[in-house]
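Chemist: The following block contains the structure, expressed as structure tokens.
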Amino acid sequence: MSNSEAILKIKDLKVYFDTDAGVVKSVDGVDLEIKKGTTLGLVGESGCGKSVTCLSIPRLIESPPGRIAGGEIIYKGKNLLELSEKDMQGIRGNDISMIFQEPMTSLNPVFTIGDQIQEVIMLHQHKTSAEARELTLRILKKVGIPSPEIRIDDYPHQMSGGMKQRVIIAMALSCSPDLLIADEPTTALDVTIQVQILDLMRSLQDELGMSILLVTHDLGVVASMASHVAIMYASKIVEYGPVEQIFSNPGHPYTLGLFTSIPVVGRGKRDLYVIPGNVPDPLAFPRGCKFWPRCVFAEDICRSQEPFLENIGEGHTAACHFRGKIDKHLWKEKTNTGSFLNISR
Amino acid sequence: MINNDNDTTDLHLGMAEEVSRFTEAWRIFNKNRLALWGLVIFTVFFLVAVSGLVLTVGDNPVLDPAKVRLSEKLLPPVSPVDTEMVKPEDRPFAGIYLLGTDDLGRDVLARMMQGAWVSLTVGFVAVGIAVLIGIIMGGLAGYYGNVRINFMQLLAMAAFFTSMVFLISGQKEMAINFMTASALFVSFSIVYYFVSVKGSGDPGAMRFFFFDTVSVDSLIMRFVDIMLCFPSFFLILTVVAILPASIYNIMIVIGLTGWMGTTRFVRAEFLSLREQDFVSAARAMGIRDMSIIFRHMIPNAIAPVLVSATIGIAGAILTEAGLSFLGFGVPPPHATWGNILSDGKRFLFDAPWLTYIPGLSILVVVLAFNLFGEGLRDALNPRLRKR
């Protein structure tokens, strides 16, 4: 897997928003890489810049106030930031597709679902409407909509949330994209439907060979879907690596905190661990390491110098001054969390 | 699917809701007696106006609004024709003046029916123009509101509109001058774009002429505010006094002064719609801006526009009647409700039906449109629907 080519490479991406209160650096120097046919999980708290990163890949940042202030987004050797808007429209939906968080509002209420999927197919693949309808039926069947011949003429309000998310996946996959960006695709669904949707995405990935950028704050979802994980905190990637590595040997105190704050059934009664403090104000990030005010290991160096991503294992990087020196056992002592969680897959 | 049961129950709930979606709107409308009467009168008015068009045209129409019979002047409603004085081909339909005659012995029924068609077309065409302008302006302000216009584009636009003003007022030479200036500014902008944006050359001193001035949103909405400052009836009077009197000019002028409300509605709808996920999803699927605006957003924004258009038609009919009454409306041989009223006021005590008939007709039709529009608003307002 390591020698297969990268389909998407993000280098030092910076996305800033000009607001009245100042410049909000929502994404500040992010590097990511997604290999062909694999899934990258992007994990982080609300407001850390996950969604902005996602939206900036197909260049959907509202401008103004937003702007891509620097960096490169290289998709199949082309820098997307240098393409014209017209070329970009040809890539959106056709090469890079996106699934949004809310299935309830992601479909246009005044059109049938068939119309909406056909529009995308006709736009990108230059098919007649009869051919597009045929393709739509096929893709609806593929995503597990029962009796698609009838449901194709349904309006979105006639469907349940899970069904709508299937339709949205069908629409995103209608032109067989090479990269699917899924921005919290299961957050709004209940747990049983979540499993179905994730199973569906996995099987479609195997079938079509596409890559997925999966944004979530559910580490369970990441464990079951992703091959690599990037942990994002305050506009930056703080840890990146293969999913096994990160789950068995987290190298950043923030990652450790995330894992510890997952409730585990059957571990006895205890207060759930929470990372102390709040997400920092994006207008006034702390100096030095952005995590130090909430970090149990923080020392003077953390307050003055910002750490960079550096190797701590094979393909495993972390941005911490104490990388390699902290591990689960030290974490347990420091935080008094007696039972460190079993987070292996 | 494992969870098929769940999906099917949801599906049935969905079906039930789908059936009620249209019927629910109709039920709310149906409950509103006044709105229902509005709809009935609207339908009758429409039929009368269309038959008024069909029956009053041609060389020898069934109802002749222009036939002068001086011996039969100022007859009250439901008077039979005097068969000795009037030639058979000059007699009114069925030999009876259903609504009486005016001071020239013309059949008021025929004139009212011809006038109904004028009122209908003026109402619909004027509001059609207003709604079209309103949707375009409101759509631009709502969707491209954040885009900033640079100085050169502002100049080009100002020059273009000035040239339009000169063109309308008939000064061709000045119009051409300003149009050339506008074209010059536009080409200047294009050159600048290719120098500074496409090729990354330094535009140098040219940059001075391309500083951002206002956003599209403020430009359009402040223009709306300015337009709303004019008392529109007097604006229309002034314009109509300058332009040659014709029914088309009246329609256009009423349309051009009535688009501001629609613009505000559409902009407000667009501002909320563009934040909706389905619009982001459409953009993420690579659908073009124009397609998003016209195919995805306008159908979602049309309900309040429809309501304001219905009420706007009533306003346009009233404005046209007012203009005709003052003698600025449709030129005389053609009958409209306003000029029947105007002609009748001289005989208010001798022949009151000449005033009452058009006056009451205007009252009833305008009231009907307003009630219908209000009923429609209540029926289409999701907040009034029972959950």
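The values are calculated or read from the model by the stated rules, or taken from the named source; none is laboratory data. All values reported here derive from a predicted model rather than from experimental measurement. Every residue, glycine as well, gets a Cβ built from its backbone with ideal geometry; the counts of neighbours run over all protein chains shown.
To keep it simple, each residue is scored yes or no on (1) free of Cβ contacts under 8 Å to residues at least 40 places away in the same chain; (2) at the interface with another protein chain (Cβ under 10 Å from one of its Cβ atoms); (3) not basic (K, R).
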residue	(1), (2), (3)
A:A170	no, no, yes
A:S176	yes, no, yes
A:I193	yes, yes, yes
A:L200	no, yes, yes
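Chemist: From the list A:T38, A:T53, which residue is in the same structural domain as A:L140 (by TED's automatic domain parsing), within 16 Å of the chain's Cα centre (by Cα) and over 29 Å from B:S215 (Cβ atoms)?
Modeler: A:T38
Chemist: Just need a number here: residues in region A:253-302 that are hydroxyl-bearing (S, T, Y) and either without any contact (Cβ under 8 Å) to a residue 40 or more places away in the chain or in contact with a strand residue (DSSP E or B) (Cβ under 7 Å, 6 or more places away or on another chain) (or both). Working first, answer last.
Modeler: Initially, region A:253-302 is screened for residues hydroxyl-bearing (S, T, Y), giving A:254-255, A:260-261, A:273.
Keeping just the survivors that are either without any contact (Cβ under 8 Å) to a residue 40 or more places away in the chain or in contact with a strand residue (DSSP E or B) (Cβ under 7 Å, 6 or more places away or on another chain) (or both) gives A:254-255, A:261.
Total satisfying the criteria: 3.
Chemist: Residue by residue through region B:275-301, note down the ones that are in contact with a Phe, Trp or Tyr (Cβ under 6 Å, 6 or more places away or on another chain) and either facing chain A (nearest Cβ under 7 Å) or surrounded by fewer than 19 Cβ atoms within 10 Å (Cβ to Cβ) (or both).
Modeler: B:D277, B:A281
Chemist: Any idea which of A:L32, A:L55, A:L60, A:L40 is within 17 Å of A:A182 (Cβ to Cβ), assigned to a loop (DSSP other than H, G, I, E, B) and either charged (D, E, K, R) or modelled with pLDDT of 85 or more (or both)?
Modeler: A:L60
Chemist: If A:G70 satisfies all but one of (1) of a type outside the set (V, I, T); (2) surrounded by fewer than 16 Cβ atoms within 10 Å (Cβ to Cβ); (3) assigned to a loop (DSSP other than H, G, I, E, B), what's the number of the condition it fails?
Modeler: It is condition (3) that A:G70 fails.
Chemist: Sticking with this structure for a sec: Filter region A:147-201 for residues that are within 19 Å of B:D277 (Cβ to Cβ), polar (S, T, N, Q) and surrounded by fewer than 24 Cβ atoms within 10 Å (Cβ to Cβ) and give the result.
Modeler: Result: A:Q158, A:S160, A:T187, A:Q194.
Chemist: Right, here's the next one. Just give me the residues in region B:172-198 being at pLDDT below 85 and either surrounded by 14 or more Cβ atoms within 10 Å (Cβ to Cβ) or of a type in the set (V, I, T) (or both), in sequence order.
Modeler: B:F188, B:S189, B:I190, B:V191, B:Y192, B:V195, B:S196, B:V197
Chemist: Which condition breaks for A:L137 when tested against (1) outside any loop (DSSP other than H, G, I, E, B); (2) crowded, with 19+ Cβ neighbours inside 10 Å?
Modeler: For A:L137, the exception is condition (2).
Chemist: Now for a different question. Would you check if B:L306 is within 14 Å of another protein chain (Cβ to nearest Cβ), farther than 25 Å from A:Q125 by Cα and assigned to a helix (DSSP H, G or I)?
Modeler: Against the criterion (within 14 Å of another protein chain (Cβ to nearest Cβ), farther than 25 Å from A:Q125 by Cα and assigned to a helix (DSSP H, G or I)), B:L306 qualifies.
Chemist: I would also like to ask the following. B:W259 passes all but one of (1) within 18 Å of the chain's Cα centre (by Cα); (2) among the aromatic types (F, W, Y); (3) modelled with pLDDT under 90; (4) surrounded by 15 or more Cβ atoms within 10 Å (Cβ to Cβ); which number fails?
Modeler: Among (1) within 18 Å of the chain's Cα centre (by Cα); (2) among the aromatic types (F, W, Y); (3) modelled with pLDDT under 90; (4) surrounded by 15 or more Cβ atoms within 10 Å (Cβ to Cβ), B:W259 violates only (3).
Chemist: I've got another one for you. In region A:149-158, which residues are more than 10 Å from chain B (Cβ to nearest Cβ) and within 17 Å of A:A172 (Cα to Cα)?
Modeler: Correct list: A:I152 only.
Yes or no, residue by residue, for (1) under 19 Å from the mean Cα position of the chain (by Cα); (2) not hydroxyl-bearing (S, T, Y):
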{"position": "B:V266", "(1), (2)": "yes, yes"}
{"position": "B:F278", "(1), (2)": "no, yes"}
{"position": "B:A282", "(1), (2)": "no, yes"}
{"position": "B:G286", "(1), (2)": "no, yes"}
{"position": "B:S291", "(1), (2)": "no, no"}
{"position": "B:T319", "(1), (2)": "yes, no"}
{"position": "B:G322", "(1), (2)": "yes, yes"}
{"position": "B:L326", "(1), (2)": "no, yes"}
{"position": "B:H334", "(1), (2)": "no, yes"}
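Chemist: Now, a different point. Could you list, in sequence order, all residues of region B:130-189 that are assigned to a helix (DSSP H, G or I) and polar (S, T, N, Q)?
Modeler: Across region B:130-189, the qualifying residues are B:Q153, B:T162, B:S163, B:N177, B:T180, B:S182, B:S187, B:S189.
Chemist: Does region A:56-65 include one or more residues that are farther than 16 Å from A:K14 by Cβ and more than 9 Å from every other protein chain (Cβ to nearest Cβ)?
Modeler: No, because not a single residue in region A:56-65 is farther than 16 Å from A:K14 by Cβ and more than 9 Å from every other protein chain (Cβ to nearest Cβ).
Chemist: Let me ask you something else. Return the residues of region A:89-138 that are of a type in the set (V, I, T) and within 13 Å of chain B (Cβ to nearest Cβ); say none if nothing qualifies.
Modeler: A:I91, A:I96, A:I99, A:T105, A:V110, A:T112, A:I113, A:I117, A:V120, A:I121
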